[in-house]
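Undergrad: Here you go, one structure.
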Amino acid sequence: MFDTTCAACLCVLVTLPSAATAQAPSATEAETAVLARVIDFLCLDLQPEGLGCETVVLLQSEGTDATADLLVFAQDPSTDRRSVIAARGVVFSGPFDGQRPSLEAAADGTLLLHSEQFAVGRTPWTESLSIREHDGELSIIASAFSMLDRPAGGALSCDVDFVTGAWRVQAERTDSETGAVTQTWDQSGAAAIAPSPIGGWSDEPPIEQCNGVIAEWFAAVP
């Protein structure tokens with residue numbers, strides 16, 4: 001049989017607000033504005049000499065719906081003080097689904113910064129930037145870019161390792177009706193390039209060879 005005494009206790013607990021709830025302070029306007037811009041965050045060990053993981057936050061750039069900022073809360077092991085490393089407008093970030101960047105921790109501890117534009121347009125694309133410490137700075141050490149042509153058919157990818165200089169660009173054109181491959185590109189080599197500190201990254205294709213094949217790929221539309 002149900003215990004009416006316990007039922008009365010439960011009623012009191014439900015109807016009376018807790019002291020913690022009643023006294024909880026509200027966030028400030030500045031805090032609310034910043035939290036509304038948070039796209040993604042995680043904690044991972046980007047600095048081997050640091051103490052614990054670094055907090056990485058992806059924020060919508062202030063005043064625009066076109067880019068996102070990357071903030072890394074890093075710890076200086078010599079002073080035990082925390083600082084913020086900021087990369088403003090480092091990737092595209094649009095207002096729709098299929099345009100939002102994200103963060104991922106790779107198995108080896110590298111930070112992966114993904115961006116995409118699949119929401120609208122003829123040529124949807126994705127990009128993944130690999131970030132880790134290089135020569136004492138958080139740097140982009142690799143880039144993987146890919147793109148499709150929705151109406152004409154075809155795909156393209158450009159992968160670059162900034163540490164070794166190795167690059168490879170692959171592309172194909174296909175018949176939009178049959179899906180048969182009509183033209184292909186596959187080029188690779190090594191270039192005199194170097195990792196870019198996150199604050200100095202440009203979202204343009206990183207090497208001339210990628211630009212060349214991209215131009216040929218667009219020109220080869222049937």
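The values are calculated or read from the model by the stated rules, or taken from the named source; none is laboratory data. The structure displayed is predicted, hence computed values, not measured ones. Every residue, glycine among them, receives a Cβ derived from its backbone with ideal geometry; neighbour counts consider all protein chains shown. In case anyone asks, the SASA skips ligands and DNA or RNA and just uses the protein heavy atoms, side chains included. Shrake-Rupley method; radii C 1.70, N 1.55, O 1.52, S 1.80 Å.
Undergrad: Looking at segment 53-63, which of its residues are touching a residue at least 12 places away in the same chain (Cβ under 8 Å) and not in a strand (DSSP E or B)?
TA: S61, E62, listed by residue number.
Undergrad: Right, another one. Identify all residues within segment 142-184 that are touching a Leu at 6+ places or on another chain (Cβ under 9 Å) and over 30 Å from R132 (Cβ atoms); write none if there are none. Give the steps one after another, and end with the answer.
TA: Here is the first cut: in segment 142-184, the residues touching a Leu at 6+ places or on another chain (Cβ under 9 Å) are 142-149, 154-156, 169-172.
Once the filter is applied, which keeps residues that are touching a Leu at 6+ places or on another chain (Cβ under 9 Å) and over 30 Å from R132 (Cβ atoms), segment 142-184 yields D149, G154, E172.
Undergrad: In addition: Spot the failing condition for A144; the list is (1) open to solvent by 20 Å² or more (accessible area, probe 1.4 Å); (2) touching a Pro at 6+ places or on another chain (Cβ under 6 Å); (3) of a type in the set (A, V, I, L, M, F, W, C), and only one is missed.
TA: (2)
Undergrad: In segment 30-54, what residues are farther than 23 Å from S93 by Cβ and either at pLDDT 85 or above or charged (D, E, K, R) (or both)?
TA: Selection gives D45, E49.
Undergrad: Hey, another quick one. Have a look at G165, G98 and point out the one that is under 30 Å from V221 (Cα atoms), at pLDDT 90 or above and surrounded by fewer than 17 Cβ atoms within 10 Å (Cβ to Cβ). Even if it seems obvious, please write down each step before you answer.
TA: Working: G165 fails: under 30 Å from V221 (Cα atoms).
Criteria check complete, one pass: G98.
Undergrad: Of the residues E172, E177, E133, which is over 26 Å from D65 (Cβ atoms) and open to solvent by less than 60 Å² (accessible area, probe 1.4 Å)?
TA: Values: E172 fails: open to solvent by less than 60 Å² (accessible area, probe 1.4 Å); E177 fails: open to solvent by less than 60 Å² (accessible area, probe 1.4 Å).
After applying the criteria, what remains is E133.
Undergrad: Further question: I need the full set of residues from segment 109-121 which are modelled with pLDDT of 90 or more and open to solvent by 40 Å² or more (accessible area, probe 1.4 Å), in order please.
TA: Matches in segment 109-121: H114, E116, F118.
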